[in-house]
Amino acid sequence: MQQDDCPMLPRPDATSAVHSVRVAEFIRARMADANGSLSFAEYMQHALYAPGLGYYAAGSTKFGADGDFVTAPEVSPVFGRVLARQCAEVLADVHGGAILEYGAGSGKLARDILETLARLDALPERYEILEVSAELQERQARYLRAEIPELISHVSWLDGPPANHMGVVIANEVLDALPVERFVRGGSGIKQLRVIDDGGAFAVVEAPAPDRLSNAVLAIEAELGQSLPVGFVSDISLGLPGWVAALADTLQHGVAFLLDYGVTRREYYAAERSGGWLRCHFRHHAHNDPLILAGIQDLTAWVDFSAVAEEGLNSGLDVAGYSAQAQFLLGGGLDAEMQEFGSLPLVSQLELSGQVKTLTLPGAMGEHFKCIGLRRGEVRTPSAFRMADRTHTL
Ligand SMILES: C[S@@+](CC[C@H](N)C(=O)[O-])C[C@H]1O[C@@H](n2cnc3c(N)ncnc32)[C@H](O)[C@@H]1O
């Protein structure tokens, strides 16, 4: 589909349009290297992470009102303040330790967590950030130096996961940014969707799925106890198990809080969900065409949380809890963080109640977003999971 087929999308400005042409040229060159087509996951990898070019690797605003989408830490500092209370519980059980945040975005979540832990007198030994985008690393450092100069000495950026992490791991909307394969259930096997250049525009074609993809989909069907309907289209992140296994290698003692929009495997591959879970975000317009606006729109796929739990268990972690974001926040200290509400000026009350509604209402972020806790070692179940744990549904 061309952008003309999505008339509701705003036009990119001239600089972004030129940048997108460069990204598309880079992707076409990779296609030529690979005999004319890329798997969808390879296309997504280049569109998001091609060095200096991809959506997360280049300099567009991305987060917040002037960007393309809003994440929970961008909606309200209350999100990070509640998460900080959960960190404090885990850090107390681990008797110290550090916080490791994957994919820290603008740096707002790090600021809110550190400020809150300083207020609660529960600062971690270190706050480490593992961020694949060099551009975002620089942006985070600038932001945190300006916002929390008194706490910046706690923060460092890592090149890879630390060997022996004790404490907390946080990843908010990182799993949804991992590339996914797109597949179709054929009558006699699984087909892979591959991206080609069709006369100057990207298009998808079906090809026989390589063994790794085919086996992964057949394993899902075996677990569901039935074949997916012929013609069923969906997504699967083949990189997710490796990401969780690497996290498990890192986490020696403590809890990882992984927050994202997602569902259980049964919901993910329900017959009526043909079409999959990939979404694109451009200037606050969500749409379904990943083949346009290369490198200047976000591509994101909902998370199969059963896959996260499964790989966590395979890697020796246990599931500390799985809750919708609303219950996670309500159970995790939202009330304590709202105690000053009555003494705030009316305008701040209105602003804050709007933010809390966005974070917790089912039609906003409250139900679609989930948090899964993966744990290693002796740590009490974080209080946020005690209100409405759904681990049994995974
Ligand atoms: C959707 S943004 C979320 C940013 C931030 N956590 C927030 O909630 O606002 C995804 C972030 O994950 C980063 N990222 C993607 N893959 C990653 C990986 N494998 N390891 C660490 N960070 C990653 C991106 O560069 C980006 O900062």
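Overview of results
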read-out	value
Some residue of region 181-197 being buried (at least 22 other Cβ atoms within 10 Å of the Cβ) and near the ligand (Cβ under 9 Å from one of its atoms)	no
Single residue of region 150-180 satisfying the filter (more than 23 Å from the chain's Cα centre (by Cα), at pLDDT 95 or above and not charged (D, E, K, R)) that is nearest to A216 (Cα to Cα)	H154
Test: residue in region 45-56 that is within 14 Å of the ligand (Cβ to nearest atom), of a type in the set (A, V, I, L, M), touching a residue at least 60 places away in the same chain (Cβ under 8 Å) and not in a helix (DSSP H, G or I)	yes
Condition check for A294: away from the ligand (no atom under 16 Å from the Cβ) and farther than 28 Å from M8 by Cα	no
Hits in region 107-121 (condition: touching a helix residue (DSSP H, G or I) at 6+ places or on another chain (Cβ under 7 Å), part of a loop (DSSP other than H, G, I, E, B) and more than 10 Å from the ligand (Cβ to nearest atom))	L120
Qualifying residue in region 162-175 (condition: exposed (fewer than 15 other Cβ atoms within 10 Å of the Cβ) and more than 15 Å from the ligand (Cβ to nearest atom))	yes
Set L228, L213: member being among the aliphatic types (A, V, I, L, M), out of contact with any helix residue (DSSP H, G or I) (no Cβ under 8 Å at 6 or more places or on another chain) and touching a residue at least 12 places away in the same chain (Cβ under 8 Å)	L213
Residues located in region 59-70, provided they are outside any strand (DSSP E or B) and within 11 Å of the ligand (Cβ to nearest atom)	K62, G64, G67, D68, V70
Those residues of region 89-106 which are small (G, A, S), buried (at least 20 other Cβ atoms within 10 Å of the Cβ) and more than 9 Å from the ligand (Cβ to nearest atom), in sequence order	G97, A98
Which numbered condition P124 fails, given (1) within 16 Å of the ligand (Cβ to nearest atom); (2) in contact (Cβ under 8 Å) with a residue 40 or more places away in the chain; (3) not aliphatic (A, V, I, L, M)	(1)
Residue tally, condition in a loop (DSSP other than H, G, I, E, B) and either surrounded by fewer than 21 Cβ atoms within 10 Å (Cβ to Cβ) or touching a Ser or Thr at 6+ places or on another chain (Cβ under 9 Å) (or both), over region 124-136	3
Sole residue being crowded, with 20+ Cβ neighbours inside 10 Å and within 14 Å of the ligand (Cβ to nearest atom), chosen from G254, G332, G262	G262
Only listed residue being within 21 Å of L374 (Cα to Cα), touching a residue at least 40 places away in the same chain (Cβ under 8 Å) and more than 21 Å from the chain's Cα centre (by Cα), chosen from E101, E89, E147	E89
Some residue of region 21-42 being over 19 Å from the mean Cα position of the chain (by Cα), under 26 Å from Q327 (Cβ atoms) and either modelled with pLDDT under 95 or more than 16 Å from the ligand (Cβ to nearest atom) (or both)	no
Which listed residue is without any contact (Cβ under 8 Å) to a residue 24 or more places away in the chain and assigned to a helix (DSSP H, G or I), from S348, S306	S348
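Okay, residues lined up against (1) at pLDDT 95 or above; (2) more than 25 Å from V78 (Cα to Cα); (3) within 22 Å of the chain's Cα centre (by Cα):
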site	(1), (2), (3)
G321	yes, no, yes
F328	yes, no, yes
F341	no, no, no
L350	yes, no, no
R375	yes, no, yes
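The values are calculated or read from the model by the stated rules, or taken from the named source; none is laboratory data. All figures in this text were calculated on a predicted structure; none of them were measured in a lab. Virtual Cβ from ideal backbone geometry, glycine too; neighbours counted across all protein chains shown.
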